[in-house]
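Below are the structure tokens for one structure; questions will follow.
The values are calculated or read from the model by the stated rules, or taken from the named source; none is laboratory data. Just so it is clear, the model here is predicted, and its values are computed rather than measured. Glycine gets a Cβ as well: all are built from the backbone with ideal geometry, and neighbour counts include every protein chain shown.
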Amino acid sequence: GGYEYTDLLKIILSRSARSARLTTHFDLDFPKKPQTEPYYCYKHGRICKPTTEAFKFLHRYSLDTLRRIREFAAVRTDARVLVVHGDSREADFPPVDGVITSPPYVGLIDYHEQHAYAYHLLGLEDRRESEIGAATNGKGLKAQEDYKIQIAKVFRRAAQAMPAGGHMVIVANDSANLYGDIATLSGMEVEYVIHRQVNRRTGRRAGEFYESVFIWRKPGGV
Ligand SMILES: C[S@@+](CC[C@H](N)C(=O)[O-])C[C@H]1O[C@@H](n2cnc3c(N)ncnc32)[C@H](O)[C@@H]1O
């Protein structure tokens, strides 16, 4: 009907659908087949059972989503927010002071595939052929070289929207050590690199994950 917050209900439904999938707890990101029987769980170190009902997730995420909205309402301003569902190699960037981004990495994830439930539930257009670094294309040398070129295209475009001296902050787990070359290809100066350990919330290797924060500067300016 004309209920005002159907978009919010869809978000709750989509979050619940992700959690209610028949997957193991230690492989939420890359499930290979439905898990229908109890199994030894590497994450919890015991036998776990796949979920048999979605209601508890709907309940949990309804409350959690309300809590997040309340938290956000306290800091919300009337700043204009624009979301563009586009290929960042071609999208028009409005003029910005700086950029903060968590780009896709090479050969790690097929985002459309991993979030197929959300694309279906939210009626989003499937644009998987535009994914940069898609896992289906592997992480070999050829994939890495292509990734550097494609992602640098995005950074060059974003840099055009920034003033000289503006900063770009990029979060990535650069295991193949590509970001030095990518900075050069993007015409950016590397100002600082921070390496930090991340406590993974999910997955088998929880707690053993590192990522880098690259701080780049657009040449020129003061
Ligand atoms: C590491 S994730 C970052 C997710 C985001 N920071 C968030 O919290 O939702 C990388 C994202 O880049 C998207 N992506 C991949 N190729 C893209 C492209 N050509 N244009 C725009 N986004 C792309 C992926 O679909 C994925 O959502």
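What is the number of the single condition among (1) modelled with pLDDT under 95; (2) within 15 Å of the ligand (Cβ to nearest atom) that Gly123 does not meet?
Of (1) modelled with pLDDT under 95; (2) within 15 Å of the ligand (Cβ to nearest atom), only one is false for Gly123: (2).
Output the number of the condition that Val75 fails; it satisfies all remaining conditions of (1) out of contact with any His (no Cβ under 9 Å at 6 or more places or on another chain); (2) in contact (Cβ under 8 Å) with a residue 24 or more places away in the chain.
In the conditions (1) out of contact with any His (no Cβ under 9 Å at 6 or more places or on another chain); (2) in contact (Cβ under 8 Å) with a residue 24 or more places away in the chain, Val75 misses (2) alone.
With respect to Tyr111, determine if the residue is outside the structural domain of Lys10 (by TED's automatic domain parsing), of a type in the set (Ser, Thr, Tyr) and away from the ligand (no atom under 13 Å from the Cβ). Step through it out loud before you land on a result.
Working: outside the structural domain of Lys10 (by TED's automatic domain parsing): yes; of a type in the set (Ser, Thr, Tyr): yes; away from the ligand (no atom under 13 Å from the Cβ): no.
The answer is no for Tyr111.
All but one of (1) away from the ligand (no atom under 15 Å from the Cβ); (2) modelled with pLDDT under 95 hold for Ile69; which doesn't?
(2)
If you take the residues in the range 1-49 that are among the small types (Gly, Ala, Ser) and outside any loop (DSSP other than H, G, I, E, B), which one is surrounded by the fewest Cβ atoms within 10 Å (Cβ to Cβ)?
Applying the first criterion (among the small types (Gly, Ala, Ser)) to the range 1-49 yields 1-2, 14, 16-17, 19-20, 45.
This time we only want the ones that are outside any loop (DSSP other than H, G, I, E, B), so: 14, 16-17, 19.
Working: Ser14: 17, Ser16: 21, Ala17: 18, Ser19: 15.
Going through the qualifying residues, I end up with Ser19.
Can you spot a residue in the range 102-110 that is under 30 Å from Lys218 (Cβ atoms) and touching a Leu at 6+ places or on another chain (Cβ under 9 Å)? Walk me through how you get there before you give the answer.
Step one: of the range 102-110, the residues under 30 Å from Lys218 (Cβ atoms) are 102-109.
Retained after the next criterion (residues that are touching a Leu at 6+ places or on another chain (Cβ under 9 Å)): 105-106.
Looking for residues that are under 30 Å from Lys218 (Cβ atoms) and touching a Leu at 6+ places or on another chain (Cβ under 9 Å), one finds at least one in the range 102-110, hence yes.
Ok, one more. Just to be sure before I move on: is Asp64 assigned by TED's automatic domain parsing to the domain that holds Phe209, over 19 Å from the mean Cα position of the chain (by Cα), assigned to a helix (DSSP H, G or I) and away from the ligand (no atom under 11 Å from the Cβ) in the structure I sent?
In short, no.
Given the residues Gln144, Gln160, which is the only one that is among the polar types (S, T, N, Q) and surrounded by 14 or more Cβ atoms within 10 Å (Cβ to Cβ)?
Details: Gln160 fails: surrounded by 14 or more Cβ atoms within 10 Å (Cβ to Cβ).
It is Gln144.
May I pose another question? List the pairs whose first member sits in the range 209-222 and is on the phi > 0 side of the Ramachandran plot, whose second member is assigned to a loop (DSSP other than H, G, I, E, B), and whose Cβ atoms are under 6 Å apart, counting only residues at least 6 apart or on separate chains?
Gly220/Ala164; Gly221/Ala164; Gly221/Gly165
Report the residue count in the range 126-157 for those that are more than 11 Å from the ligand (Cβ to nearest atom) and over 24 Å from Lys32 (Cβ atoms).
Number satisfying all stated conditions: 10.
Pairs under 9 Å by beta carbon, first residue touching a residue at least 40 places away in the same chain (Cβ under 8 Å) in the range 117-145, partner of a type in the set (D, E, K, R) and within 11 Å of the ligand (Cβ to nearest atom), six or more apart or different chains?
Arg127/Asp87; Ser130/Asp87; Ser130/Arg89; Ser130/Glu90; Ile132/Asp87; Ile132/Arg89; Ile132/Lys153
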